[in-house]
Structures are given as C-alpha cells and as structure tokens.
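As structure tokens, the structure follows; a few thoughts come after it.
Laboratory data are not the source of any read-out in this text; all were calculated from the coordinates shown. Keep in mind it's a predicted model, so treat the numbers as computed, not measured. Neighbour counts are summed over all protein chains in view; Cβ atoms, including those assigned to glycine, are modelled from backbone coordinates with ideal geometry.
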Amino acid sequence: MKNVSVMAGGICVLLMSFTTVSPERRASVAASEETALNLVEALKESSTRDFIGLLPTLEEFQAIMKENGSFYGDNLGEAQAEFAHYYTQVMLPLAEKSFDALLMKSKKVGLNWHEAKVEAIYTDDDNSLITPFTVLVYSGGKHYRLQVDRAFQINGKWKLSHYISLN
C-alpha cells in the first residue's frame, strides 16, 4: 500500500496543475445559470443531498485520474481506491459541514432563501479548470454574495466545492 496522503492527494495536485479546459469541456453560460439556480434551490429546501449533487462525483474525479493515468503510472488503480476513501471520508463530510454552516449564516443574517432571486453569476472568463464561481442573490431588500472559491468545469457543467461562503 502506497502512502495514503500521496495517493489521495494526487488528484488534488493533478487538478491544480491543469491550467486550461478544452473547449468541449468548458461550461456554458446556460450551465452556470442552471448551477446557480440549483444551488439556490438546495438552500431553499435546506437539502444537503441536492448540494452534494452539485459537487463533482467520485466517478468524475476518477475519470480525470484515468485520463491522466501517466501521472499515476502502475499505481492508478490503487490511487483511485485511496481517493475513493478520501472522497467519502473527508470531502463529502466537509461539504456537508460547509452547507450546514451556510444555512446557519443565512439565518443569522436574515436571508430568506424562499424569497431569494438570482441576479447575477460571475465566473472567470477564461479556460481555467478551477475558478471562482459567484452568485449574487437578492432577498429582503438586500444583496448577498455566494462565493465558491473553487468551482470546476467538468464535461460542460459547473461543479461546486465545499469552499463556499456567504457575504
């Protein structure tokens, strides 16, 4: 068994090393709107499950690993198994905690998600695989900013991360 941190962290290093997304994998404007609306809907329903559905799946991460198998060499299978453990034991629980914290902050600042309207969506207008994804919402006479620090463009869709905050 290889060092778990090396194997599990391999996908993170791999993703961070990519600087561009091929045109066929780049997310469209319609995809960003759909993702923003689905995020607000998950918050309206207080649905952790719906929020988790906006993150990259284990299968999507493993497909990226497979496409870049030379990075792992003969250890691809083992790296995928180790990452599966990391994904289920670390990433998903962090996403659940982030979503719960977002709901708590929403209540604290008086944001009613049932009244929230998406006003704008901001992404870096480049071909980066990992980029900020910002949703400006309006509710109760105030503007709020949902900031996802690390969103991914995977297979023409936006995928969010647990690095999310409300300002």
Whole-Hz couplings from phi, Karplus 6.51/-1.76/1.60, listed for the stretch 155-167; x for Gly and Pro: 6, x, 10, 8, 10, 8, 9, 7, 7, 10, 9, 10, 10
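What list do you get for Val109, Val29, Val135 if you sort them by fewest beta carbons within 10 Å?
Values: Val109 13, Val29 9, Val135 26.
So the ranking, lowest neighbour count to highest, is Val29, Val109, Val135.
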Can you list residues whose amide H is under 5 Å from Ile154's amide H, if they're 5+ apart or on another chain and H is modeled 1.01 Å from N? Lys159
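Just need the relative contact order of the stretch 18-157 here, percent rounded to a whole number, with Cα pairs under 8 Å and 6+ apart.
Numbers: 159 pairs, mean separation 48.7, N = 140.
Normalised by residue count, the contact order of the stretch 18-157 is 35 percent.
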